[in-house]
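Some notes on the structure that comes next.
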Amino acid sequence: MANDQDRMERIVSLAKRRGFIFPSSEIYGGINGFWDYGPLGVELKRNIKEAWWRDLVRSPPEGPDGKPIQMVGLDAAIIMNPKVWEASGHTEGFTDPMVDCRECKVRFRADRFTRCFVCEDPDPGQEVTVRRIINVCKNPGCVTFLNEIGSGPEQLESLVRRALGSKKAKLESILVRDDISNAGSVSGFRVIDGQRSYLVGGEWPASAEADDRCPRCGGRFTEARKFNLMLQTHVGALEDSSSLTYLRPETAQGIFANYKNVLDTTRLKIPFGIAQIGKAFRNEINPRNYTFRSREFEMMEIEFFCRRSEADKWYEYWRDARFQWYVGLGLKGERLRLRDHKPDELAHYAKACADIEYSFPFSRPDYEKGETVGFDELEGIANRTDFDLKRHQEASGRDMTYYDDETKERFIPYVIEPSGGVDRAALAFLCEAYDEDEAPDEKGKMRKRTVLRLHPRLAPIKVAVFPLVRKDGMPEKARAIWAACREHMAAFYDEKGAVGRRYRRQDEAGTPFCVTVDGQTNEDGTVTIRDRDTMKQERIAAEAVLSYVRDHLHL
Ligand code: GAP
């Protein structure tokens, strides 16, 4: 595949073509930051949520002391009393710094810009690297302009033309040298404009400054202002401040608000966890990178309540257990990493935090930190201390303490929080699974094949069943096998078109096995079963299909 941008475009195109992900309300031109999951996408998301629920709530792993972990579920309302968000600090602090263009009124995040440089290349023959561009462009006299992070080469080309005042400037070489592994995104370019050669490079990320200009119209910016990310709505007939509420920006606060209810009704003893999966909403200013930063998304969160003296132990435990969960579902070592936050990155309430990060095709390295590969957050694991329960105790007047009848102590527990996004996980699994290889067509000619090598637990369809042709009793036999399978797993029946094309469609859907009823089935009762990854076929008894698929998929 040409580069990461190309790879991402192919993934997006496959996801649309095969019914994984559609832009929301597409018939009206879509709505930025909102996505719909089609027939295959909804199964993929359900499988992720079911895997999470089964592995963490119904059958959690053993704790660090070898004892079973106690975990229960919760499903709190999306809209809560607005006092919850005051107590949690979201009303005051859940903000991004924003600047508005005074001319075109478009709003930008003040801290998320690529500051690009364009300058005449003093030595066009010399090898171009990003470092060289930045060094050259630090010289006075070069043109600088701002560019939103995540822009592709076409957008950069038009920005460069505007900066140079030339309609003809052409992006020439994309730099894939020393510190650039992410050639698909804007990194560094040589630009040719007639006889002149320019260098284009940037700093990532930069902050908007007073003399910076709007990348869309060249207008001046306002001062940076705080912009609250919570989506507002009104409950009841009146639309005034008394009816103002919010669509929750995280599921966590629903857990904290119910902590005492759960404790009183379950007789759980510390340590224990409360888990929740549900929608969250954030009015992100620049939704971007496909579903990665959306305005409506699903979260999978655990608040794990423990003694203060054991919080470090449980933090380490969850950090590693959550990382292993993604590995177990197919995310590979070099694309997945666990990154501990530095003290200056920690939220004010957190004592420690680590992110599980994935290298998406659009992830961009932070060159200033010396990175050569980009990563983006999949899940965060934080030691939230007793901050939230204390805040809710103060604000609600309700007792949030836990009484330990062994030690006869009363205290507010510490909380370890693994908090992940379902949509980000789905995107990472799709990106990891996407592959292209070659397979013979009906005439034996090798053709490009697109295949999703999804982990069997995540595959939307586990087995597809085909009759080779629509006659000789084959459809009836195939339907009987399909009926036997679909009682136990997601199974699919298809009798239309050449069988080779039916295989390709299932490869694109990530279906691990395809079963074909053919002429030999009438003779000896066997069918072929084809493995998605190896494309190898073997013959097994028609009655053995269900147990074969179950055994091989470890369902
Ligand atoms: N309660 C902690 C919390 O909300 P967060 O890091 O803001 O922490 C947790 O969010 C996870 O939710 C992230 O790791 C990410 O997977 C997902 N997430 C956050 N914002 C998102 C967005 N705009 N679009 C998609 N997923 C998002």
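The values are calculated or read from the model by the stated rules, or taken from the named source; none is laboratory data. Everything numeric here is computed off the predicted structure, so don't read it as measured data. Heads up, the Cβs are rebuilt from the backbone with ideal geometry, glycines too, and the neighbour counts pull from every protein chain shown. For the accessible areas, the whole protein counts, side chains as well, though only heavy atoms, and no ligand, DNA or RNA atoms are used. Shrake-Rupley method; radii C 1.70, N 1.55, O 1.52, S 1.80 Å.
Say we look at region 259-277 and pick out the residues that are open to solvent by 10 Å² or more (accessible area, probe 1.4 Å) and closer than 17 Å to A76 by Cα; which of these is nearest to the chain's Cα centre (by Cα)? Don't jump to the end; show me each part of the working.
Taking region 259-277 and keeping what is open to solvent by 10 Å² or more (accessible area, probe 1.4 Å), we get 260-271, 277.
This time we only want the ones that are closer than 17 Å to A76 by Cα, so: 260-266, 277.
On the way: K260: 32, N261: 32, V262: 30, L263: 32, D264: 36, T265: 35, T266: 34, I277: 15 Å.
Among those that are open to solvent by 10 Å² or more (accessible area, probe 1.4 Å) and closer than 17 Å to A76 by Cα, it is I277.
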Count of region 330-345 residues which are within 15 Å of the ligand (Cβ to nearest atom) and open to solvent by less than 40 Å² (accessible area, probe 1.4 Å): 2
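So which residues in region 278-296 are within 28 Å of V72 (Cβ to Cβ), in a strand (DSSP E or B) and within 10 Å of the ligand (Cβ to nearest atom)?
Of all residues in region 278-296, those within 28 Å of V72 (Cβ to Cβ) come to 278-282, 296.
Add one more test, that the residue is in a strand (DSSP E or B), and what stays is 278-281, 296.
Listed by number, the residues that qualify are A280, F281, E296.
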Subset of region 19-59 (residues that are in contact (Cβ under 8 Å) with a residue 24 or more places away in the chain, open to solvent by less than 30 Å² (accessible area, probe 1.4 Å) and closer than 23 Å to L329 by Cα): F20, I21, L40, G41, L44, K45, N47, I48, A51, W52, L56, V57
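I'm trying to understand the selection: among the residues of region 385-429, which are without any contact (Cβ under 8 Å) to a residue 60 or more places away in the chain and either buried (at least 23 other Cβ atoms within 10 Å of the Cβ) or not aliphatic (A, V, I, L, M) (or both)? Please lay out each step first, then the result.
Here is the first cut: in region 385-429, the residues without any contact (Cβ under 8 Å) to a residue 60 or more places away in the chain are 387, 390, 393, 397, 401, 403, 405-410, 412.
Correct list: F387, K390, Q393, G397, T401, Y403, D405, E406, T407, K408, E409, R410.
Pick out, from region 467-555, the strands (runs of 3 or more DSSP E) lying fully within it that include 2 or more residues that are surrounded by fewer than 16 Cβ atoms within 10 Å (Cβ to Cβ).
Details: elements: 491-493, 513-517, 526-531, 537-541.
Per the criteria, 537-541.
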I79 being surrounded by fewer than 16 Cβ atoms within 10 Å (Cβ to Cβ) and either in contact with a strand residue (DSSP E or B) (Cβ under 9 Å, 6 or more places away or on another chain) or modelled with pLDDT of 70 or more (or both): yes
Failed item in (1) touching a Leu at 6+ places or on another chain (Cβ under 8 Å); (2) more than 16 Å from the ligand (Cβ to nearest atom), with E357 passing the rest: (2)
Complete set of residues in region 430-448 that are touching a Pro at 6+ places or on another chain (Cβ under 8 Å) and touching a residue at least 60 places away in the same chain (Cβ under 8 Å): C431
Answer residue from region 297-315, given it is open to solvent by 10 Å² or more (accessible area, probe 1.4 Å) and farther than 22 Å from A51 by Cα and is farthest from the ligand (Cβ to nearest atom) among those: S309
